[in-house]
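**Q** My questions all concern the structure below.
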Amino acid sequence: MKTLILYKEQGALEKTNKIENYYGFEKGIGGKQLYEAGISQAKNIGVEVKKQEVINIRLHRKWFFYQNFRR
């Protein structure tokens with residue numbers, strides 16, 4: 001199965017200065033740092049990451065299709 005991460009702009013996680021209740025970081029971690037580490041890890045295992053706005057998602061039989069442009 002292939003995985004795709006789509007994002008439009010900076011999210012709430014990236015805008016957060018410090019996250020203190022995340023497992024494994026006893027002194028906390030910056031949101032941007034946590035986001036970048038997660039994306040890096042995803043790419044290392046073959047996940048495709050695209051900066052695109054999703055306008056529509058539809059299910060066709062067993063597959064999802066997304067539309068990333070406005071008509």
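Values in this text are rule-based calculations from the coordinates and carry no lab data. Everything numeric in this text was worked out from a predicted model, so none of it was measured.
**Q** Can you list residues from other chains, or at least 5 along the same chain, whose modelled amide H is less than 5 Å from the amide H of GLY30?
**A** Answer set, sorted by chain and number: ILE19.
**Q** Moving to a separate point now. Taking N as the number of residues in the stretch 4-67, what is its Cα Rg relative to 2.2 N^0.38 Å?
**A** 1.39
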